[in-house]
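What follows is a single structure, written as structure tokens, with notes after it.
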Amino acid sequence: MSADTLSAFVANAERHHTTVHRVAPGDATATIASLVDPPAVGVAFPSPWDVDLPNSVDTDPTPANLDAAATGVTAARLAIADYGTVVLEADAAGSESISLFPERHVAVVRADDVVPGMREAIERLGGRLRDGASAVLATGPSATADMGDLVIGAHGPREVEIVLLEERDE
């Protein structure tokens, strides 16, 4: 992924009240642990990522655990630089619910999965969507201004943290 695309992603995510933590994969577990407010629920990361969730994150929550969770941790397998958006595909582990119910959402995305714009995102995601998959495009904390002033956290998380996994040249 180009440095310009990653810089645009970070700038646009931060413009939407999201904090981005750029880390090497080896530092990801510690970074995630520092962002978790317990109780926490999450979805295990895909095996090729070689990143583990902190032990404090429940990966098999009951509905009551999900309701009580302060933090949800998910993998985003795609992100869109032009909008600072992470894409969360529906899965059997409940990534959508885990990203929407807790007050804080920690989304983890690999730098190689950040695309410049919507056209590239649809190119990567379109076939799965045509086959019946669904996805949430999340840009910052939930917000609404339907009734006047902007309200953060009206229909989802009040805080969003993105852990951006980048290979670093040593």
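Taken together, the residues in region 114-155 that are at pLDDT 90 or above and in a helix (DSSP H, G or I) amount to 8. Checking every residue in region 92-104 against the condition of being in contact with an Asp or Glu (Cβ under 9 Å, 6 or more places away or on another chain), modelled with pLDDT under 95, open to solvent by less than 10 Å² (accessible area, probe 1.4 Å) and among the small types (Gly, Ala, Ser) gives at least one match.
Scanning region 21-31 for residues that are β-branched (Val, Ile, Thr) and either touching a strand residue (DSSP E or B) at 6+ places or on another chain (Cβ under 7 Å) or assigned to a loop (DSSP other than H, G, I, E, B) (or both) gives Val23, Thr31. Please pick out the residue among Val41, Val36 that is of a type in the set (Val, Ile, Thr), touching a residue at least 24 places away in the same chain (Cβ under 8 Å), in contact with a Gly (Cβ under 6 Å, 6 or more places away or on another chain) and more than 19 Å from Asp113 (Cβ to Cβ). Val41 is the lone residue from the list that is of a type in the set (Val, Ile, Thr), touching a residue at least 24 places away in the same chain (Cβ under 8 Å), in contact with a Gly (Cβ under 6 Å, 6 or more places away or on another chain) and more than 19 Å from Asp113 (Cβ to Cβ).
All conditions in (1) more than 25 Å from Glu123 (Cα to Cα); (2) among the aliphatic types (A, V, I, L, M); (3) modelled with pLDDT of 95 or more hold for Val108, with the sole exception of (1). Looking across region 36-51 at every residue that is open to solvent by 30 Å² or more (accessible area, probe 1.4 Å) and at pLDDT 95 or above, the one that is nearest to the chain's Cα centre (by Cα) is identified as Asp37. Restricting attention to region 65-91, the residues that are open to solvent by 10 Å² or more (accessible area, probe 1.4 Å), more than 12 Å from the chain's Cα centre (by Cα) and farther than 18 Å from Asp37 by Cβ add up to 4. Within region 54-64, being under 16 Å from Leu100 (Cβ atoms) and either surrounded by 14 or more Cβ atoms within 10 Å (Cβ to Cβ) or in contact with a Phe, Trp or Tyr (Cβ under 8 Å, 6 or more places away or on another chain) (or both) holds for one residue alone: Pro61. For region 6-20, a residue qualifies if it is touching an Asp or Glu at 6+ places or on another chain (Cβ under 9 Å), assigned to a helix (DSSP H, G or I) and among the polar types (S, T, N, Q), and exactly one does: Asn12.
If you check Leu129, Leu137 for being more than 19 Å from Val20 (Cα to Cα), out of contact with any helix residue (DSSP H, G or I) (no Cβ under 7 Å at 6 or more places or on another chain) and of a type in the set (A, V, I, L, M, F, W, C), only one passes: Leu129.
The values are calculated or read from the model by the stated rules, or taken from the named source; none is laboratory data. Computed from a prediction, not measured in an experiment: that's the story for all the values here. Note that we place each Cβ from the backbone using ideal geometry, even for glycine, and neighbour counts take in every protein chain shown. Note: areas computed on protein heavy atoms with side chains; ligands, DNA, RNA excluded. Shrake-Rupley method; radii C 1.70, N 1.55, O 1.52, S 1.80 Å.
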